[in-house]
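Okay, so here's the structure we're looking at.
The values are calculated or read from the model by the stated rules, or taken from the named source; none is laboratory data. Keep in mind the model is a prediction, meaning the values are calculated, not measured. Positions of Cβ are backbone-derived with ideal geometry, glycine not excepted, and every protein chain shown enters the neighbour counts.
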Amino acid sequence: MTSITASAELVDVIAESEEAPTALDNLRQWEFLERQGRRAFTRWLRTTPTPGVDAQSQGITMLANLPLWLKSALADVARIAALPANWDSYGSPPLNEIARQNAVKLLASIEYEDFPPPSIVPISEGGLQIEWQYNRRELELEIVAGSHQVLFLKVHEDDSAEEGTFSMIDRGTLQALLAWLRVG
Amino acid sequence: MDESNAQWVDDHTIPDSEGLWRRIPPSVSYIAPDAKTNTWRPSSGVFIDQRGELSVNRASLTMVEQTLAGTQGYSLVEVKAEVFRARGYAVVADPLPENPAHALVCGKISKIHAREITRAATWIVLHLPDAATDTRVI
């Protein structure tokens, strides 16, 4: 077990333990949050590490302090990623790794702590879809296997719908869609 | 429909009224309550296949027990062939040695269409989430 003594060492310590899936997952999430400059989470992450506690335990603690909806969503992604080949009885492969990473990044980039929990489902041939129903509005985000494009579907209160595409690096479109889901 | 899939030729020996069955695995949250209709509905993800070839079984050539053979806890949903055709997708017979009822819906199904297809779907077997023993055969 590796001990950490200062917050600045957290990333390095977790990076050294990449063999452990939990630590690796946390590292990816942490790196993304850090890049996004998410003050609430990064502030917490910077202050939480406890001297003498191993990196694996730190990772578990970090996940435990994420918003409930995000923790549940990340668990759903992990569960989908663990599905074996032919998970749908139609010969589909397991979740594509790029799609998995993009799903985690997308979810972690949502800046609302009290966001409605999504339903997350795999798509045949390796993709993944994140779905919300909120106040009679619906939003679907489809992460295409092996791609950094996201397909979206907005369904308004009157059941009219519109669809489109945006890039994973286009945070403006994503935030606009999420804001629409919350307040219309 | 994605124009790149226009090479598929619809098989008109399959009537519009043919029920096309799609299995829904129990391992993921494909079935959710629809707040607008107060019914259980499948996720539109059930009808999205990123290859543009959605496997289905022709209802007239199979039975529930055959289609669900070897699976456990699966639900089964039906969509009429005409629902796909009306949106520009081809329905093609694709019999397999072990499954003569197999067919394909060809063309990448758009998100709007997937949602419309979901609304047109009817349950043949419904395993409600978190209630594996509560099976409704319709």
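For A:Ile80, the conditions (1) within 11 Å of another protein chain (Cβ to nearest Cβ); (2) assigned to a loop (DSSP other than H, G, I, E, B); (3) among the aliphatic types (A, V, I, L, M) all hold with the exception of (2).
Taking the numbered list (1) in contact with a Pro (Cβ under 8 Å, 6 or more places away or on another chain); (2) more than 14 Å from chain A (Cβ to nearest Cβ); (3) modelled with pLDDT of 95 or more in turn, B:Ala93 passes all entries but (1).
Kindly check whether there is at least one residue in region B:92-101 that is buried (at least 19 other Cβ atoms within 10 Å of the Cβ) and either of a type in the set (Lys, Arg) or without any contact (Cβ under 8 Å) to a residue 40 or more places away in the chain (or both). No, the conditions are met nowhere in region B:92-101.
Among the residues of region A:100-129, those that are facing chain B (nearest Cβ under 10 Å), within 21 Å of A:His156 (Cα to Cα) and out of contact with any Phe, Trp or Tyr (no Cβ under 7 Å at 6 or more places or on another chain) comprise A:Ser119, A:Ile120, A:Gln129. For the criterion of being free of Cβ contacts under 8 Å to residues at least 60 places away in the same chain, in contact with a strand residue (DSSP E or B) (Cβ under 6 Å, 6 or more places away or on another chain) and not acidic (Asp, Glu), A:Ile130 passes. When the residues of region A:130-183 are filtered to those that are facing chain B (nearest Cβ under 8 Å), assigned to a loop (DSSP other than H, G, I, E, B) and surrounded by fewer than 19 Cβ atoms within 10 Å (Cβ to Cβ), the one that is farthest from the chain's Cα centre (by Cα) is A:Asp159. Do any residues in region A:68-85 that are over 12 Å from A:Val104 (Cβ atoms) have Cβ atoms under 9 Å from those of residues that are modelled with pLDDT under 95 and β-branched (Val, Ile, Thr), where the two are at least six apart or on different chains, and which pairs are they? Listed by first residue and then by second, the contacts come to A:Trp69/A:Ile110; A:Arg79/B:Val28; A:Leu83/B:Val28.
Taking (1) more than 9 Å from chain A (Cβ to nearest Cβ); (2) under 24 Å from A:Ile143 (Cα atoms); (3) surrounded by fewer than 21 Cβ atoms within 10 Å (Cβ to Cβ) in turn, B:Ser27 satisfies each apart from (1). Residue under question is B:Ala32, and the condition is that it be modelled with pLDDT of 95 or more and either surrounded by 14 or more Cβ atoms within 10 Å (Cβ to Cβ) or under 30 Å from A:Gly164 (Cα atoms) (or both); does it hold? No.
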